1. Please report Leu70, Leu49 as a ranked list, fewest other C-beta atoms within 10 angstrom at the top and most at the bottom.
2. Counting pairs of Cα atoms in segment 3-108, how many percent are more than 24 Å apart?
3. Which value in nm describes the separation of the simple spin-label points at Gln102 and Asp84, placed 7 Å from the Cα toward the beta carbon?
4. Whole-Hz ³J(HN,Hα) for each residue in segment 78-88, computed from phi via Karplus 6.51 cos²θ - 1.76 cosθ + 1.60 with θ = phi - 60°, x for glycine and proline: what do you get?
5. Run through segment 42-108 and list the GluC sites (Glu not before Pro) located in a DSSP loop whose Cβ has at most 14 other Cβ atoms within 10 Å.
6. Taking other Cβ within 10 Å of each residue's Cβ, how do Ser26, Ser103, Ser40, Ser108 sort, fewest first?
7. Among the lysines in the chain, how many pairs, 8 or more places apart or on different chains, have alpha carbons under 23 Å apart?
8. Would you work out which of Ala43, Gly32, Ile77 lies farthest towards the positive end of the dipole of segment 14-101? Charges go on Cβ: Lys and Arg +1, Asp and Glu -1.
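Computed from the coordinates by the stated procedures, all read-outs in this text should not be read as laboratory data. Just so it is clear, the structure is predicted and the values come from calculations on it, not from any experiment. Neighbour counts run over all protein chains shown; Cβ positions are idealised from the backbone, glycine included.
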Amino acid sequence: MLRNNMTKEEKHLWYDYLRTYPVRFSRQKVLGKYIADFYSAEAKMIIELDGSQHYTTEGKAEDKERTDFLEKYGLKIIRISNMDVNRNFEGVCVYIDKMVRQSLSQLS
């Protein structure tokens with residue numbers, strides 16, 4: 001279900017990094033029955049920010065089902081914890097940049 005409000009971590013990543021990143025990302029992109037937090041068609045990549053609900057048994061099972069579905073379409077799924085966004089934002093940005101560059105080089 002689409003949310004009207006981004007989480008604090010999604011806002012931070014969007015406004016302080018992805019919004020002006022050279023490779024275009026969209027927020028809350030509907031893909032099949034799923035909604036990606038951030039999606040780049042150019043890099044064929046999804047960035048998911050994971051809160052505590054993703055670390056429960058049920059959350060892990062749902063994430064695996066979702067990842068399996070999306071990977072069938074050639075999409076790379078990057079999962080980042082909210083804790084990492086809060087505690088190591090610069091490291092998260094470096095990691096995303098590395099993964100985007102890697103994805104683009106594999107596509108070319």
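1. Ranked by crowding around the Cβ, least crowded first: Leu70, Leu49.
2. It works out to 19 percent of all Cα pairs.
3. 1.0
4. 10, 10, 10, 6, 4, 4, 5, 4, 6, 9, 9
5. Sparse-neighbourhood loop GluC sites (Glu not before Pro): Glu42.
6. Ranked by crowding around the Cβ, least crowded first: Ser108, Ser26, Ser103, Ser40.
7. Value for the chain: 28.
8. Among Ala43, Gly32, Ile77, the one farthest towards the positive end of the dipole of segment 14-101 is Ala43.
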